[in-house]
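K.L.:
The structure under discussion is supplied below as structure tokens; questions concerning it will follow.
The values are calculated or read from the model by the stated rules, or taken from the named source; none is laboratory data. All of these numbers come straight from a predicted model, not from anything done at the bench. Using ideal geometry, Cβ is built from the backbone for each residue, glycine included, and neighbour counts are taken over all protein chains shown.
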Amino acid sequence: MEASLLSTAMLSIVAIGFLVCSWGVLNWVWLRPKRLERLLRQQGFLGTPYRLLIGDMKENHQMTKRAESKPTSLTDNIAPHVIPFIHQTVQKYGKNCYTWLGPRPRVVISEMELVRDIFNKFNDFQKPSTNPLVRLLLVGLVSKEGKTWAKHRRIINPAFNLDRLKE
């Protein structure tokens, strides 16, 4: 009797573990991206619809290969050759749009006033969370956030003054 009770308990634990993992994968692959897509549309952004797991990576890769195969001259607009998928998305959906990099949306902001607001309000627009291992390996200004980022930006800003760069 105790053995069957123990096996039932183990089976229950395995089943619960499987359900928790399944819910996590379902949330990562489908529920969270669809929720983010709905929230972006509510905020006025337009973009490509989410496709399971790969997002827009396949189209992005195909367009990049096509653009690399065509010759370009120095007088051409370089954006369609360097970032063809982003260029086409901006042409189709407007200056503020989004694409999908796997299950994560990538927001494109092209209006200078909004870009200026994003850079000035660094506390409101946080960098996406990264893997803790990547955070340990990543050092420098890229890894700074909040007041530390503002302090370092203020320190290095004079170094990029036009007169100093000419020297």
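K.L.:
Does segment 15-23 include one or more residues that are aliphatic (A, V, I, L, M) and in contact with a Cys (Cβ under 9 Å, 6 or more places away or on another chain)? Walk me through it before giving the result.
P.N.:
Filtering segment 15-23 for residues aliphatic (A, V, I, L, M) gives 15-16, 19-20.
From the residues that got through so far, the ones that are in contact with a Cys (Cβ under 9 Å, 6 or more places away or on another chain) too are none.
Looking for residues that are aliphatic (A, V, I, L, M) and in contact with a Cys (Cβ under 9 Å, 6 or more places away or on another chain), one finds none in segment 15-23, hence no.
K.L.:
Take the residues of segment 31-75 that are under 14 Å from residue 105 (Cα atoms) and among the β-branched types (Val, Ile, Thr): which is surrounded by the fewest Cβ atoms within 10 Å (Cβ to Cβ)?
P.N.:
In this case the residue turns out to be 54.
K.L.:
Quick check on segment 26-35. Is at least one of its residues in contact with a Gly (Cβ under 9 Å, 6 or more places away or on another chain) and either modelled with pLDDT of 95 or more or within 30 Å of residue 93 (Cβ to Cβ) (or both)?
P.N.:
At the first step, the residues of segment 26-35 found to be in contact with a Gly (Cβ under 9 Å, 6 or more places away or on another chain) are 33.
Cutting the leftovers down to either modelled with pLDDT of 95 or more or within 30 Å of residue 93 (Cβ to Cβ) (or both) gives us 33.
Among the residues of segment 26-35, at least one is in contact with a Gly (Cβ under 9 Å, 6 or more places away or on another chain) and either modelled with pLDDT of 95 or more or within 30 Å of residue 93 (Cβ to Cβ) (or both), which makes the answer yes.
K.L.:
Within segment 1-32, can you find the residues that are charged (D, E, K, R) and free of Cβ contacts under 8 Å to residues at least 60 places away in the same chain? Quick ask: steps written out before the conclusion?
P.N.:
Taking segment 1-32 as the starting set, the residues that turn out to be charged (D, E, K, R) are 2, 32.
Passing the criteria: only 2.
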